[in-house]
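Colleague: Here it is, the structure, as structure tokens.
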Amino acid sequence: MASEREDFNLSGPLHLNVVDWTNAHHRRSVAASLVQGVYILERDRQLKREGPEALANPWWEFFHFQLFRKLVDDVDSSIFGAIYEFKPSTSYSTHLLDESPRYVIAFRGTVTKPDSLSRDIELDLHIIRNGLHETSRFEIGIQAVRNVVATVGESNVWLAGHSLGAAMALLAGKTMAQTGIIIQAFLFNSPFFSAPIERIKDKRVKHGLRIAGSVITAGLAFAAAAKKNHQNSRSVDPFAALSAWIPSLFVNPADHICSEYIGYFEHRKKMDDIGIGAIERLATKNSIAGLIMSAMGKESEPLHLIPSANLTVNLIPSQDFKEAHGIHQWWRPDLEVQSNLYKY
């Protein structure tokens, strides 16, 4: 039986009957809806909803998109992503189409149903150990991104994802940016796995812990870099190639899976303000776990470490974790947000 949240006519952003692609709220709402479309595609598959019983189509057709291709996992045959092609009607005003994409590649998050749960949880664990790039699902996803970009150009493509899907989109965006290809990305509740410092209410304690962590991380990173230089090993700073890529991150402070992004970027500015920004610039592109792995001879680049972002925080209090982590919040017509641009 379908839930109300799966039905576009009951839960979708019906207020966006005309999309102004220059409007940040409109772009965010459409991107989130297309991600929701992938979730419903998978639920339609699991529940064998076909034809008029299928619920997925309105999530993209309402915005004049067509389903170009489904992205299917080779392990469990679940639908984890979709490529949408924008087909605006002739009645669209030309100025409203400014900044619109031609294609959107969207990835869903974990579906807590038996048909896909075990595979999704396996991939969640790969994120924790920084191994998502080694999975066949990511390989399918990144190949789809490369093919679309090669066909229509990077400026005509958007990436979008939620939770596990946001991690997929983030890794795809980082991978492309490292080759100089910059793709606009909408990342909803993207995982940031670390100690939950952002949940500490006392600002002095929170700031003190962040400074201590930065000093330790920077010290380890400096020692590791010095060892490499001593061994005459040439290394490339991945942040240098990524600094021009500015993904849009959407975070809820009550969602412990993604809330650390708030402190990650705010702390960088605070360290600059007190005159020790150089320490933070070294710390922010490293993690203690990654440095330890490197010392053991295992290369590890934490997925969540990114140099720049347009960070949008939902200011509306959430009733519980499910609401704070959900995709539906991002197209609410009454959404109150605070956005900040952070450049490395």
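Colleague: So, for the range 1-103, what is the accessible surface per residue at a probe of 1.4 Å, expressed in square angstrom? It would help to have the intermediate numbers written out before the result.
Modeller: Numbers: 5030 Å² over 103 residues.
Ligands and nucleic acids excluded, the result is 49 Å² per residue.
Colleague: For the pairs Lys48/Lys87; Lys70/Lys174; Lys48/Lys322; Lys87/Lys343; Lys70/Lys322, note any where the Cα-Cα span goes beyond 29 Å. Please report the intermediate quantities before stating the final value.
Modeller: On the way: Lys48/Lys87 27 Å; Lys70/Lys174 22 Å; Lys48/Lys322 26 Å; Lys87/Lys343 34 Å; Lys70/Lys322 27 Å.
Beyond 29 Å: Lys87/Lys343.
Colleague: Applying a 10 Å radius around every beta-carbon, put 179-186, 321-328 in order of their mean neighbour count, most first. Please list the in-between numbers first.
Modeller: Values: 179-186: 18.9, 321-328: 16.9.
Per-residue mean Cβ counts within 10 Å order the peptides as 179-186, 321-328.
Colleague: What's the ranking of 33-44, 116-127 by average number of surrounding C-beta atoms within 10 Å, highest first? Please list the in-between numbers first.
Modeller: On the way: 33-44: 25.2, 116-127: 17.4.
Ranking the peptides 33-44, 116-127 by packing returns 33-44, 116-127.
Colleague: Could you compute the net charge surrounding Ile327? Neighbours are other residues with a C-beta less than 14 Å from the C-beta of Ile327; K and R count +1, D and E count -1. Mind showing how you got there, number by number?
Modeller: On the way: positive: Arg5, Arg28, Arg43, Arg108, Lys322, Arg332; negative: Glu6, Glu42, Asp255, Glu323.
Its environment carries a net charge of +2.
Colleague: Could you let me know the centre-to-centre spacing of the range 150-196 and the range 69-91, using Cα atoms, in angstrom?
Modeller: Each part reduced to its Cα centre gives a spacing of 16 Å.
Colleague: Indicate, rounded to the nearest 5 percent, the antiparallel portion of the DSSP beta bridges found entirely in the range 74-198. Display every interim value, and only then the final one.
Modeller: Values: 5 of 15 bridges.
Within the range 74-198, antiparallel bridges account for around 35 percent of the total.
Colleague: For a quick check of understanding: with a 1.4 angstrom probe and all protein chains in place, what accessible area in square angstrom does Trp59 have, to the nearest ten?
Modeller: Near enough 0 Å² of accessible area.
The values are calculated or read from the model by the stated rules, or taken from the named source; none is laboratory data. What you see is a predicted model; the values in this text were computed from it and never measured. A quick note on method: Cβ atoms are made from the backbone with ideal geometry, for glycine too, and the neighbour counts reach across all protein chains shown. When the accessible area is computed, the model is the full protein with side chains, heavy atoms only, and any ligands, DNA or RNA have been set aside. Shrake-Rupley method; radii C 1.70, N 1.55, O 1.52, S 1.80 Å.
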